[in-house]
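Step one of this worksheet: look at the structure below.
The values are calculated or read from the model by the stated rules, or taken from the named source; none is laboratory data. Bear in mind that the values here come from a model prediction, so they are computed numbers and not experimental data. Positions of Cβ are generated from backbone atoms using ideal geometry, with glycine treated the same way; all protein chains shown enter the neighbour counts. Just so you know, the surface numbers come from the protein's heavy atoms only, side chains and all, with ligands and any DNA or RNA stripped out. Shrake-Rupley method; radii C 1.70, N 1.55, O 1.52, S 1.80 Å.
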Amino acid sequence: MALWRCSSSWLSSVSRSSGGVGGGESKVSPEIAPVSGGEGEGEEEERWSRLLPELLTEIMRRVDAGAERWPPRRDVVACACVCRRWRDAAVSVVRPPLECGRITFPSSLKQPGPRDAPMHCFIRRNKKNSTFYLYLSLTQALTDKGKFLLAARRFRNGAHTEYIISYDCDDLFPGSNSYVGKLRSDFLGTKFIIYDSQPPYDGAKPSRSQSSRRFASKQINPNVSGGNYEVGQVSYKFNFLKSRGPRRMQCNIQCPVGQSTASDPLKEKLISTSSPLALRNKAPRWHEHLQCWCLNFHGRVTVASVKNFQLVAPAGTSDPWGIADEETVILQFGKIEDDAFTMDYRQPLSAFQAFAICLTSFGTKLACE
């Protein structure tokens, strides 16, 4: 899992053209390790690290309590970038999204979402360069300036299509330090495999297939894993009879059981077990007056589209999370503008997994519609 750099990239706001990332958001950008400076910087870091542990913990508690939303939440990240002792204090105080319903550090993007209410996000699409950007909603509005979380770019790799997912919207390549994972489709674009750059649980083994590797050539850095870990599959059913109705999709996602309560997985052992989560799209109802298929998106979707869906866990399946009732929506995705879509997810899915599943909905699927 990526650490945090001692710089302003986490804290500064970036402004981009309409073809890229929206303006005013705080950019998530990981590094392998903080860059060490000269002697003056080392002395200053040592001075900050001399604070009593009790005082440092109390400082972090007050900063965390006073910054419930972004952009004020950047103060928590700033404190974690002071030095290693401050970072340790920050990760001991900040709770994961499952408990607090907030995203703070890059590690939060691979942890299960909130337990009690969905996390509201939205995706912006750039058709010109086949790029997609995931934002955390800052208000109750369907779209706002947002807090940038992840980016993905679609590539054609022979007969297959791949989506490279990254922490950095300007560094969308599998060999970069910002690489998070990827999504790979079959020739027809009806079956997808989700790959994670990091082992999702203790004992996980990377996929051995050549197509799942991060590096096509010989690996140079032995500290960077050259493989990917398969964490899920998404498939769309064929519609040979061309019957009316939306796409039918099924997902099988590996989700951790007994999630760690630490906000930084590096401070705890990897989760020892995981369990497959089976999801399917919730069946819509036919509205006679409107003459269309309808689902209740609770005001979070405003434009009819074949891409819109809600995923639920079928009743009677293995359910260590208590969600298999066919009514609790685990992931909701829908169109609100020509190139804007809402994405709301909750436990046991993470933001990374939810984003990857939503990416499968883009693109034409003539055999399924």
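The charge dipole of region 49-94, taken about the Cα centre with unit charges on the Cβ atoms of Lys, Arg (+1) and Asp, Glu (-1), comes to about 160 debye, rounded to the nearest 20. Gain on full extension, evaluated as 0.36 nm per residue between Ser130 and Phe238 minus their Cα-Cα distance, stands at 36.4 nm. Extension gain for Asn296-Asp116 works out to 62.9 nm (0.36 nm per residue, less the C-alpha to C-alpha distance). Summarising the label geometry, the points placed 7 Å from Cα in the beta-carbon direction at Leu138 and Glu288 lie 4.8 nm from one another.
Per-peptide packing, taken as the mean over residues of other Cβ atoms within 10 Å, places 185-195, 56-66 in the sequence 185-195, 56-66 from highest down. With R₀ fixed at 35 Å, the C-beta to C-beta distance from Leu52 to Asp170 puts the FRET efficiency at about 0.30. Counting only protein heavy atoms and a 1.4 Å probe, tell me what percentage of region 49-94's accessible area is made up of carbon and sulfur. In region 49-94, the share of accessible area belonging to carbon and sulfur is 55 percent.
I'd like to compare 152-162, 280-290: which one has the highest average count of other Cβ atoms within 10 Å, and what's the full order after that?
Ranking, from highest mean packing down: 152-162, 280-290.
Percent of Cα pairs in region 49-94 per distance bin of 10 Å, from zero to the largest separation: 31, 58, 11. Are any of the pairs Lys110/Lys147; Lys182/Lys205; Lys127/Lys237; Lys147/Lys282; Lys237/Lys307 more than 23 Å apart by Cα-Cα distance, and if so, which? Cα-Cα > 23 Å for Lys127/Lys237; Lys147/Lys282; rest within.
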